[in-house]
Amino acid sequence: MQSFISHNGGAIEEGQVVKAYVNLRNGLIGIRNKSGKVQGYCESITLQNAHFYVPAKTLDRVRKVHSKEVFAYCIGTYKNVQAKNDRAVSFNPFCEIDTFYFKDTREGISSEETFETVTLKNKLAFI
C-alpha cells in the first residue's frame, strides 16, 4: 500500500478484510473495515481473494436520479505485496453494464467471481 492517510485514527493491518473504493472527492482509494467504517485512504492497495460488489437496488436508484455516490466495492484481504496485475477493470453506473467489467472487452464480472489478487490504483482495478 502506498502512502496510507489515516481517517480519524483508522488503521488497517495485513490480513484484515476490507472494502476498497474510489473516493469521489479526492480520487484516492478509500478503505473501509468490515463494518463499513472508513479507515483511511491510499494511492494504491492490493487485495487477495477479492471480489467486486455492486448492490442492484442502489445501482437502480443512482441511475434513476443520476447521482454520484460510492456504492460499488472491491472486497478482499489486505496484503502488503506488489502484484503485477495488468488487466484493467472499471465500473460506471451510467453505462449498460450492471457490474464491474474488463476495460479491454467490456465483459461483465460476476460478484461471485473471486480473484487471487486485485490492485486498485488511479481510479481503476487491475487483475
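The values are calculated or read from the model by the stated rules, or taken from the named source; none is laboratory data. Predicted, not measured: the structure shown is a model, and the values here were computed from it. All Cβ positions, glycine included, derive from the backbone under ideal geometry; neighbour counts span all protein chains shown.
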**Prompt:** What pairs can you find where one residue is in the stretch 79-97 and closer than 15 Å to Ile45 by Cβ, the other is of a type in the set (Lys, Arg) and outside any strand (DSSP E or B), and their Cβ atoms are less than 8 Å apart, with a gap of 6+ or different chains?
**Reply:** Val89/Lys103
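When residues of the stretch 29-41 are filtered for being surrounded by 19 or more Cβ atoms within 10 Å (Cβ to Cβ) and free of Cβ contacts under 8 Å to residues at least 60 places away in the same chain, how many remain? Break it down into steps so the answer makes sense when it comes.
Step one: filter the stretch 29-41 for residues surrounded by 19 or more Cβ atoms within 10 Å (Cβ to Cβ), giving 29-32, 39-41.
From the residues that got through so far, the ones that are free of Cβ contacts under 8 Å to residues at least 60 places away in the same chain too are 30-32, 39-41.
Residues meeting the conditions: 6.
Sort out which residues of the stretch 30-44 are touching a Ser or Thr at 6+ places or on another chain (Cβ under 7 Å) and closer than 15 Å to Asn80 by Cα, and write them in order of number. Give the steps one after another, and end with the answer.
We begin by selecting, within the stretch 30-44, every residue touching a Ser or Thr at 6+ places or on another chain (Cβ under 7 Å); these are 40, 42-44.
Within the stretch 30-44, Cys42, Glu43, Ser44 meet the criteria.
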**Asked** Assuming Gln39 fulfils every condition listed in (1) among the polar types (S, T, N, Q); (2) closer than 17 Å to Ile127 by Cβ; (3) touching a Lys or Arg at 6+ places or on another chain (Cβ under 9 Å) apart from one, which condition is it?
**Response** (2)
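Please go through the stretch 7-26 and pick out each residue that is touching a residue at least 24 places away in the same chain (Cβ under 8 Å) and surrounded by fewer than 12 Cβ atoms within 10 Å (Cβ to Cβ).
Kept after step one, since they are touching a residue at least 24 places away in the same chain (Cβ under 8 Å), are these residues of the stretch 7-26: 7-8, 10-24.
Residues satisfying the conditions are Asn8, Glu13, Glu14, Gly15, Leu24.
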**Message:** Can you pull out every residue in the stretch 59-76 that is surrounded by 16 or more Cβ atoms within 10 Å (Cβ to Cβ) and more than 24 Å from Thr114 (Cα to Cα)?
**Reply:** Val62
**Message:** I'd like to check something: does the stretch 49-56 contain any residue that is outside any helix (DSSP H, G or I), touching an Asp or Glu at 6+ places or on another chain (Cβ under 9 Å), among the β-branched types (Val, Ile, Thr) and modelled with pLDDT of 95 or more?
**Reply:** yes
**Asked** Considering Ala88, Ala56, which residue is of a type in the set (Gly, Ala, Ser) and surrounded by 11 or more Cβ atoms within 10 Å (Cβ to Cβ)?
**Response** Ala88
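Considering only the stretch 98-127, state which residues are among the hydrophobic types (A, V, I, L, M, F, W, C), buried (at least 19 other Cβ atoms within 10 Å of the Cβ) and either out of contact with any Asp or Glu (no Cβ under 7 Å at 6 or more places or on another chain) or free of Cβ contacts under 8 Å to residues at least 40 places away in the same chain (or both). Show your work before the answer.
Taking the stretch 98-127 first, the residues among the hydrophobic types (A, V, I, L, M, F, W, C) are 100, 102, 109, 115, 118, 120, 124-127.
Going one step further and asking which of them are buried (at least 19 other Cβ atoms within 10 Å of the Cβ), we end up with 100, 109, 115, 118, 120, 125-127.
Phe100, Ile109, Phe115, Val118, Leu120, Ala125, Ile127, listed by residue number.
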